[in-house]
Every structure is written in structure tokens, then in C-alpha cells.
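Asker: Have a look at this one.
The values are calculated or read from the model by the stated rules, or taken from the named source; none is laboratory data. Please read all numbers here as calculations on a predicted model, not as lab measurements. Ideal geometry is used to build each Cβ from the backbone, glycine not excepted, and the neighbour counts take in all protein chains shown.
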Protein chains: 4
Amino acid sequence: MRRNKPKYHQIIDAAVITIAENGYHQTQVSKIAKQAGIADGTIYLYFKNKEDILISLFQEKMANFIEKIKEVIAGKQTAAEKIFMMIENHFRILSQNPKLAVVTQLELRQSNQELRRRINNVLKEYLDFIEQILREGVESGEFAPDLDTRLARQMLFGTIDEIATTWVMNKQKYDLVALAPTVAKLLLKGFLGEK
Amino acid sequence: MRRNKPKYHQIIDAAVITIAENGYHQTQVSKIAKQAGIADGTIYLYFKNKEDILISLFQEKMANFIEKIKEVIAGKQTAAEKIFMMIENHFRILSQNPKLAVVTQLELRQSNQELRRRINNVLKEYLDFIEQILREGVESGEFAPDLDTRLARQMLFGTIDEIATTWVMNKQKYDLVALAPTVAKLLLKGFLGEK
Amino acid sequence: MRRNKPKYHQIIDAAVITIAENGYHQTQVSKIAKQAGIADGTIYLYFKNKEDILISLFQEKMANFIEKIKEVIAGKQTAAEKIFMMIENHFRILSQNPKLAVVTQLELRQSNQELRRRINNVLKEYLDFIEQILREGVESGEFAPDLDTRLARQMLFGTIDEIATTWVMNKQKYDLVALAPTVAKLLLKGFLGEK
Amino acid sequence: MRRNKPKYHQIIDAAVITIAENGYHQTQVSKIAKQAGIADGTIYLYFKNKEDILISLFQEKMANFIEKIKEVIAGKQTAAEKIFMMIENHFRILSQNPKLAVVTQLELRQSNQELRRRINNVLKEYLDFIEQILREGVESGEFAPDLDTRLARQMLFGTIDEIATTWVMNKQKYDLVALAPTVAKLLLKGFLGEK
DNA sequence: CATGAATGAGCTTTCATTCAT
DNA sequence: AATGAATGAAAGCTCATTCAT
């Protein structure tokens with residue numbers, strides 16, 4: 001299992017730093033190798049090709065991302081609480097990993113369609129997880145019974161992704177986490193049923 | 001004025017078709033020229049370089065986009081109506097221009113940072129326009145007085161952009177315009193003041 | 001006879017200015033046309049191709065050059081006097097035509113071998129003329145009877161050409177004509193017979 | 001140190017052959033690579049760009065040239081002897097490297113102004129060296145006390161350069177070295193003081 | 001396991017020349 | 001005679017990947 005080898009993660013972390021500092025198109029395999037302190041050829045002992053590094057990067061970080069989100073949500077009862085915690089921690093994790101935020105919000109989106117398709121596959125788990133919470137909210141009567149959970153999920157993800165991207169493009173110079181309550185409130189109002 | 005010459009638009013339209021059919025990274029200048037039925041060199045009589053074609057493409061189409069949206073909104077009274085018309089026509093224009101939709105929602109986002117920065121400048125006019133409507137809604141008392149119009153704008157744009165992108169990634173196989181009422185309702189509920 | 005048409009000389013003079021100001025490799029046919037105040041295509045009514053402009057330029061200017069030199073030498077008696085007048089006027093003509101000096105001493109030498117071969121053919125008349133004076137000096141007993149006039153001619157031309165080129169490369173900032181007496185004296189000492 | 005790697009010199013020698021055989025403007029990087037028996041890309045492991053090959057070529061060969069000249073001059077006492085040895089060996093080295101002679105006397109002079117400026121910087125060392133010998137000759141009383149060593153240097157270099165170029169343009173079909181004594185004698189007569 | 005020198009395919013842009021008007 | 005829009009060939013350089021050591 002390659003993920004157990006220390007160099008596997010060493011290369012991925014080097015890729016994050018290199019991409020964040022140089023940009024996606026200025027990141028050559030040789031730069032990642034240099035950042036990782038290994039030879040170019042060594043990369044290919046751990047990854048099939050350049051694309052494989054980027055997909056693996058996204059998979060590793062995203063799995064970690066989802067895991068953390070799931071953890072904080074575990075104890076929450078209502079869908080509204082879960083949504084709030086999800087948004088807040090989504091923002092928190094990005095805030096705590098500024099370079100990763102640059103890579104996922106800006107740089108990796110410049111990749112070609114094939115890579116983005118595979119990235120979307122990884123993202124799908126997160127999107128499904130969001131939709132699952134929304135569906136639970138509908139079932140519990142907390143959200144409107146006719147809520148289109150697919151659309152609602154696209155609204156929710158589109159919103160937090162846009163807000164996060166804007167924050168990164170503005171050099172991360174304001175407090176992203178502080179926006180979470182307002183964002184959650186705006187979104188939840190849309191989800192609630194009419195009384 | 002280059003925009004008055006027919007070949008200027010001929011090249012831009014050829015670029016849209018070529019990028020939509022081959023993808024951003026598979027689009028060479030020679031392919032655009034071939035699609036336009038002219039020689040490679042002729043491109044450079046109308047555009048400074050390859051990047052100039054893409055920026056001009058986005059500017060031309062986006063200007064047209066905003067103009068159309070503004071037209072349909074012109075007669076509307078309430079902010080809610082305006083928002084609804086904006087969303088519906090945003091979706092309608094993309095639906096009516098399937099290839100352009102592919103180019104703007106997917107392909108051009110793969111461009112390098114410099115090009116995307118310039119695309120964002122063009123986009124800014126649209127974002128400002130959205131925020132303007134939201135601000136009017138707050139002032140007229142239609143929306144919550146404490147609505148954060150900047151966040152609300154990011155929510156609105158993030159939502160419709162995500163929904164449009166998902167639709168394109170799903171090969172545009174369902175009716176995007178039909179989603180507009182639901183999307184508008186979801187968003188507007190978040191904007192309204194509490195009674 | 002094309003040389004009688006005013007545009008023929010107009011184009012050649014435009015070429016001198018353009019090459020002097022932009023350098024040989026930065027001189028496109030379109031730039032010469034612009035400088036001449038005519039359309040690109042018009043050039044080809046007077047010249048076969050770009051090379052033809054440059055050869056014609058050199059021929060015209062060189063013919064003029066040789067003619068002037070011959071004029072001032074006409075009245076002189078001794079070979080030494082002739083040589084001195086030749087050197088002084090060679091330098092004088094270049095000094096009076098700073099742009100032409102840049103073109104002939106620096107820029108045209110960057111041309112390809114074919115063009116330079118044809119330029120050398122034009123130059124040959126000048127070289128022959130020089131050698132003729134040297135031969136007369138030998139015959140009259142003024143120069144050493146065993147003087148190798150071919151080598152002497154190469155020495156003479158190599159010297160004044162190098163001095164002129166150095167002067168142009170130094171932005172023509174000192175008085176080239178003032179060097180003529182010293183240069184002539186140095187050269188003539190080599191040509192004189194031993195007493 | 002790149003100069004210690006065998007491929008560095010392999011590429012330079014391939015460049016000399018390719019330029020001599022095809023001419024400066026017909027020499028593409030791919031041709032040099034082919035002549036060197038390596039891939040195009042390998043060139044760029046040893047040289048920054050095409051221009052760097054040509055400058056390095058000139059630097060390497062010129063350094064070698066100057067070194068050899070200095071060696072043979074080392075044991076000589078008088079300035080006249082030194083000048084003679086310099087001329088003879090200048091001609092000898094060119095005679096022994098016919099292709100290099102074509103490249104330095106004809107082809108590299110077609111290069112653009114930037115390259116020629118850098119070539120002139122290399123050449124300057126040689127010119128300074130020549131002037132140094134002349135100055136020593138003046139100080140020792142061997143040459144005229146009022147000899148303008150700057151002009152004399154231009155005369156000396158202009159002469160041998162013109163003679164060498166003429167020889168190359170005549171397909172090197174006569175004995176260049178055999179001309180050295182005559183050339184040296186002609187030049188030295190100009191330098192000597194009057195008795 | 002690790003290295004890093006070598007490979008070679010691929011693309012934007014320029015500009016001399018033409019020719020329909 | 002004059003125009004100038006259109007043509008299209010041609011080449012330097014990068015970088016992901018390989019493989020002998």
C-alpha cells in the first residue's frame with residue numbers, strides 16, 4: 001500500500017507547496033521533486049504520472065476534509081446544526097491550510113477536463129454527504145417537505161465554494177470562519193418550510 | 001474599430017465552436033483558423049495573440065449577456081422580480097447557446113491565471129449589477145435590512161454558477177430554465193426580512 | 001529605367017533611414033513602405049524582392065561614393081596624394097551621412113551570405129580603384145618596386161574599414177576626418193621604398 | 001562546471017561544422033543536435049538558448065586562440081618579433097581550422113546586433129592584447145614615440161582581418177601563412193620611428 | 001530503492017510576397 | 001500605378017517520462 005510509504009505523502013505535500021507558490025501551470029514535475037528533496041525519477045516510483053499526483057493530492061486532502069467534517073457533525077442533532085457546523089468547519093479547514101486553499105480553490109481548477117472529471121468524482125462523496133443531511137432535514141420535518149434536495153445541495157455547495165474562492169482571490173485577508181453564521185442563516189432560511 | 005470588421009466576430013465564433021468541440025487545451029490557433037476558414041496569419045490581423053482571442057471572446061459574449069439581462073429586467077418593479085428574471089434569463093441564454101455554455105462554464109476556467117484575472121474583471125460588471133439589485137431590495141424594504149449584500153451576491157452567483165456548471169457537466173440533458181423558479185424561490189427566501 | 005522614377009530613390013532613402021533607426025533585422029518591408037509613405041505592395045513595383053532593395057541601396061550609394069572619390073582625386077599628381085585624398089574623403093562622406101554609415105558599416109553586414117556576395121561585387125570596383133592607384137605608385141617609383149599591391153590594397157581597405165566601423169560603434173562621437181592624415185601617414189610609410 | 005562535460009564541447013564542435021557547411025541562417029538547433037548525434041532537447045541541458053551556443057562557441061574558440069598566440073609570443077623579445085609571430089599564428093590557426101575560419105570570418109558576422117555586441121566583448125581582449133604590444137614597442141623606443149597605438153591597433157587588426165576574410169571568401173585556396181612576413185613588414189614599416 | 005541525464009513531440013507567431021480591386 | 005488584406009511556411013524551446021547505472 002503506497003500510502004504507507006513516507007515518501008508518498010512527502011511528494012503530495014511538496015506538490016501542494018509548489019503549486020500554491022508557483023501556480024498550476026508553473027509547476028513542473030521537476031519542481032515538485034526538488035521541493036520534496038528527491039530525484040525526478042523517484043516521483044514515478046510512487047505515482048503513475050503527473051496527473052496521478054494531482055488526483056492523489058485531491059483524494060488525500062479531500063478524504064481528510066470529509067473525515068474532519070463528519071467528526072464535528074457526529075454529535076449534532078438537527079439538520080440545521082449539522083449544516084452550520086459543516087459550513088463553519090469547511091471554512092475553518094481552509095483557513096487553517098492557506099496553501100491548500102489556494103491549490104483547491106484556484107490552481108487545480110486550471111487543470112484539464114479529464115483531471116477535473118476525476119476530481120469531481122472525489123468531490124462527489126462530499127456532495128452526497130451534503131445532500132444526505134438535507135434529505136434528513138426534509139424527512140424530520142425540519143426543512144420544507146417539497147425541498148428539492150439536489151438543487152439545495154447545489155445552492156449550498158455553490159455558495160460556500162464561491163465565498164471561499166472569493167476569499168482566496170482576496171488574498172485571504174479577512175476572517176472566513178466569521179462569515180459562517182451569516183451564510184448558514186441565509187441558506188437555512190431558504191430550506192425551511194413555511195409555517 | 002476592429003469589432004466592426006466581420007472577420008473579428010467570425011474568428012470569435014470559430015473559437016467558441018473549436019473550444020467547445022475540442023476543449024481548451026486542444027484548441028490551437030491553427031484549429032480556430034481552420035474552423036473560421038481563414039489562414040493562421042489572418043488571426044493576427046485581428047488579435048494581438050492567442051490570449052487576446054479568448055479575452056475578447058469572453059468580453060464580447062459577456063457584454064452581450066449583461067445587455068440582454070438588463071433589457072429583460074428594465075421593466076420590472078420589485079427586486080424579487082428582477083432577481084427571478086435575472087436567474088431565468090441567465091439560464092435561458094446558456095440554454096440557447098449550448099457551445100458557449102461549455103466554453104464559459106468549463107473550458108475557459110482551465111485558462112492560466114493571467115487570463116482568468118482578466119476574465120474576472122469582465123465578470124465583475126455582472127457581479128456589481130447583481131449586488132446593485134440586492135441593495136435596491138434592501139433600501140425598498142423588500143429584503144431584510146441587515147442583509148449582507150456582498151455575501152448574498154456571492155450566494156446568488158455561486159448558486160446559479162454551480163447549477164449551470166452541473167447542468168453542462170451532465171451534457172445539458174435536462175431543462176435548465178425550468179429550474180429557475182425553484183432556484184429563485186430558494187434564494188429569495190434567504191433574502192427576505194422576517195415578518 | 002527604374003532609376004529615373006522618383007519612387008525608386010524614395011524607397012531606397014526610406015530603407016536607409018529605417019535600417020539605421022531600427023537595425024537590419026528589425027527592418028520589415030512594411031516598415032520601409034511606411035517610412036516611404038506608400039503601400040507595401042508598391043515596393044514590389046520597383047524592386048523584385050527585399051534583397052533587391054538592399055543590393056540596389058548599396059549599389060546606388062556606392063556608385064555615388066566612388067564617383068565622389070574619383071572627382072577629388074582627379075586633379076592630384078602623386079599616388080601618395082591620391083591615397084590621402086581617398087582616405088580623407090572616404091571618412092568625410094561617411095561623416096556627412098551618419099545614417100548611411102550605420103547601414104553600410106554595421107547593419108548590412110548582418111545580411112545573409114548571398115546578399116553579402118553581391119555587395120562585395122559592388123565593392124570590387126572600389127577595391128580595384130584602390131589597387132590601381134597603388135600600382136601607379138609602384139610604376140612611378142613612388143612606392144617600393146616589390147610592393148604587393150594586392151596585399152597593400154587589403155591593408156589599406158581593411159584599415160580604413162576597421163577605423164570607420166570602430167567610429168560607428170562608438171556612436172560616431174569623435175571626428176573621423178581628423179584621423180585621415182595620421183592613418184594615411186601610417187599606411188604610406190608601409191608602401192614607400194627603402195632609400 | 002559545464003565546460004568539463006564532454007557534451008558541451010561536442011555541441012560546440014557540431015555547431016562549427018553545421019554553420020560552416022550550411023551558413024549561419026540555415027543553421028537550426030535541430031541541425032546542430034543531429035550533427036552532434038543527440039536529441040534537440042539535450043542542447044538545452046548545456047546551453048540556455050541558441051544564442052548561448054554561438055556566444056560560447058566564440059568564447060571557447062577565441063580564448064583558445066588568444067592562449068595559443070600568447071604562448072608563441074611569450075619567448076620573444078622585441079615588439080616587432082611579437083607582432084610578426086602574432087600575425088603568423090593568427091593566420092596559422094585559421095589555416096589549421098578551415099571550418100572555424102569560415103564561421104568566425106563570415107558566418108558569425110551575420111548574427112544580430114546583440115550577439116555581435118557580445119562577440120565584440122570577447123574580441124576586445126585580443127584587441128587590448130595587440131595594443132599592449134604596440135605600447136611596449138613605443139616605450140622601448142622600437143616604434144615611433146608619437147605612434148597612435150589605438151589607430152595602429154585598428155590598422156593592424158583591420159589588415160589581418162581583411163586579409164583573412166578575403167582568403168576565406170576565395171575558398172582558402174592559397175597559402176595564408178605565407179603572407180605573414182610580407183604583411184608584418186608592411187605594417188611594421190608604418191610603426192617604426194624615423195631615423 | 002533511487003538517481004538524473006537524455007529524450008523528442010508539439011505549438012505560437014512573424015513577415016515577405018501576392019493579387020483582387 | 002497603387003493599394004493593403006490575406007496568405008502560410010518555418011523554428012526555438014519546454015517538460016513529462018524513461019532507463020541505464
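Asker: Just for segment C:140-195: of the residues that are of a type in the set (S, T, N, Q) and more than 7 Å from chain D (Cβ to nearest Cβ), which one is nearest to D:K189 (Cα to Cα)?
Answerer: C:T149
Asker: In addition: Consider D:A79 carefully, then state whether it is in contact with a Ser or Thr (Cβ under 8 Å, 6 or more places away or on another chain), surrounded by 17 or more Cβ atoms within 10 Å (Cβ to Cβ), more than 14 Å from chain C (Cβ to nearest Cβ) and closer than 24 Å to C:Q113 by Cα.
Answerer: No: the conditions fail for D:A79.
Asker: Exactly one condition in (1) touching a helix residue (DSSP H, G or I) at 6+ places or on another chain (Cβ under 9 Å); (2) within 20 Å of D:A164 (Cα to Cα); (3) of a type in the set (D, E, K, R); (4) surrounded by fewer than 19 Cβ atoms within 10 Å (Cβ to Cβ) is false for C:D146; which is it?
Answerer: Against the list (1) touching a helix residue (DSSP H, G or I) at 6+ places or on another chain (Cβ under 9 Å); (2) within 20 Å of D:A164 (Cα to Cα); (3) of a type in the set (D, E, K, R); (4) surrounded by fewer than 19 Cβ atoms within 10 Å (Cβ to Cβ), C:D146 comes up short only on (2).
Asker: Does A:I12 satisfy being within 20 Å of the chain's Cα centre (by Cα), more than 8 Å from DNA strand F (Cβ to nearest atom), away from chain B (no Cβ under 14 Å) and closer than 19 Å to A:L115 by Cα?
Answerer: Taking the combined requirement at face value, the residue satisfies it.
Asker: Quick one: C:L106 ticks every box in (1) within 16 Å of C:I160 (Cα to Cα); (2) free of Cβ contacts under 8 Å to residues at least 12 places away in the same chain except a single one, so which number is it?
Answerer: (2)
Asker: What residue, among those in segment C:98-132 that are surrounded by fewer than 20 Cβ atoms within 10 Å (Cβ to Cβ) and not in a helix (DSSP H, G or I), is modelled with the highest pLDDT?
Answerer: Checking each candidate, the answer is C:L106.
Asker: With among the hydroxyl-bearing types (S, T, Y) and under 20 Å from C:R109 (Cα atoms) as the only criterion, which of C:T27, C:T42 stands out?
Answerer: Step by step, each of C:T27, C:T42 is checked, and only C:T27 is among the hydroxyl-bearing types (S, T, Y) and under 20 Å from C:R109 (Cα atoms).
Asker: Hey, does segment D:154-164 have a residue that's under 16 Å from D:I87 (Cα atoms), among the hydrophobic types (A, V, I, L, M, F, W, C), modelled with pLDDT of 95 or more and in a loop (DSSP other than H, G, I, E, B)?
Answerer: Among the residues of segment D:154-164, not one is under 16 Å from D:I87 (Cα atoms), among the hydrophobic types (A, V, I, L, M, F, W, C), modelled with pLDDT of 95 or more and in a loop (DSSP other than H, G, I, E, B), which makes the answer no.
Asker: For the condition more than 14 Å from the chain's Cα centre (by Cα) and of a type in the set (D, E), what is the one hit in D:D146, D:D161?
Answerer: D:D146
Asker: With respect to B:E60, is the statement that it is away from DNA strand E (no atom under 16 Å from the Cβ), in a helix (DSSP H, G or I) and over 18 Å from the mean Cα position of the chain (by Cα) true?
Answerer: So B:E60 does not fit the description; no.
Asker: If you scan segment C:16-50, which residues turn out to be assigned to a loop (DSSP other than H, G, I, E, B), within 13 Å of DNA strand F (Cβ to nearest atom) and surrounded by 14 or more Cβ atoms within 10 Å (Cβ to Cβ)?
Answerer: Of everything in segment C:16-50, those that are assigned to a loop (DSSP other than H, G, I, E, B), within 13 Å of DNA strand F (Cβ to nearest atom) and surrounded by 14 or more Cβ atoms within 10 Å (Cβ to Cβ) turn out to be C:I38, C:F47.
Asker: Out of all the residues in segment C:31-46, which are of a type in the set (A, V, I, L, M, F, W, C), under 24 Å from the mean Cα position of the chain (by Cα) and closer than 11 Å to C:Y8 by Cβ?
Answerer: Within segment C:31-46, just C:A36 meets the criteria.
Asker: Scan (1) touching a residue at least 12 places away in the same chain (Cβ under 8 Å); (2) surrounded by 21 or more Cβ atoms within 10 Å (Cβ to Cβ) for the single condition C:Q154 breaks and write down its number.
Answerer: With (1) touching a residue at least 12 places away in the same chain (Cβ under 8 Å); (2) surrounded by 21 or more Cβ atoms within 10 Å (Cβ to Cβ) applied to C:Q154, the lone miss is (1).
Asker: Further question on the same structure: If D:E67 satisfies every condition in (1) out of contact with any helix residue (DSSP H, G or I) (no Cβ under 9 Å at 6 or more places or on another chain); (2) closer than 25 Å to D:E162 by Cβ; (3) within 15 Å of DNA strand F (Cβ to nearest atom) but one, which is the exception?
Answerer: Only one criterion in (1) out of contact with any helix residue (DSSP H, G or I) (no Cβ under 9 Å at 6 or more places or on another chain); (2) closer than 25 Å to D:E162 by Cβ; (3) within 15 Å of DNA strand F (Cβ to nearest atom) is unmet by D:E67, namely (3).
Asker: Here is a further query. Consider A:Q96 against the criteria (1) in contact with a Gly (Cβ under 9 Å, 6 or more places away or on another chain); (2) free of Cβ contacts under 8 Å to residues at least 24 places away in the same chain: it satisfies all of them except one. Which criterion is unmet?
Answerer: Against the list (1) in contact with a Gly (Cβ under 9 Å, 6 or more places away or on another chain); (2) free of Cβ contacts under 8 Å to residues at least 24 places away in the same chain, A:Q96 comes up short only on (1).
Asker: Given (1) assigned to a helix (DSSP H, G or I); (2) more than 19 Å from A:M85 (Cβ to Cβ); (3) not small (G, A, S), identify the lone condition not met by A:P145.
Answerer: Answer for A:P145: the failing condition is (1).
Asker: Okay, moving on. What are the residue pairs meeting all of these: first residue in segment C:20-33, first residue within 14 Å of chain D (Cβ to nearest Cβ), second residue within 13 Å of DNA strand F (Cβ to nearest atom) and not in a helix (DSSP H, G or I), Cβ atoms under 6 Å, and 6 or more apart or on different chains?
Answerer: Every condition considered, the pairs that remain are C:H25/D:N112.
Asker: Among (1) buried (at least 20 other Cβ atoms within 10 Å of the Cβ); (2) under 13 Å from the mean Cα position of the chain (by Cα); (3) within 14 Å of chain A (Cβ to nearest Cβ), where does B:I69 come up short?
Answerer: Here B:I69 meets the rest and fails (3).
Asker: What residue, of A:S95, A:S111, A:S56, is within 14 Å of chain B (Cβ to nearest Cβ), hydroxyl-bearing (S, T, Y), closer than 30 Å to A:Q132 by Cα and touching a helix residue (DSSP H, G or I) at 6+ places or on another chain (Cβ under 9 Å)?
Answerer: A:S111
Asker: Related question: Would you call C:Q132 more than 13 Å from chain D (Cβ to nearest Cβ) and free of Cβ contacts under 8 Å to residues at least 40 places away in the same chain?
Answerer: yes
Asker: Given the conditions (1) away from every other protein chain (no Cβ under 14 Å); (2) within 10 Å of DNA strand F (Cβ to nearest atom); (3) more than 21 Å from the chain's Cα centre (by Cα), report the number of the one that C:N4 does not fulfil.
Answerer: Condition (2) is where C:N4 drops out.
Asker: Would you pick out the residues in segment A:64-78 that are in a helix (DSSP H, G or I) and free of Cβ contacts under 8 Å to residues at least 12 places away in the same chain?
Answerer: Scanning segment A:64-78 gives A:N64, A:E67, A:E71, A:A74.
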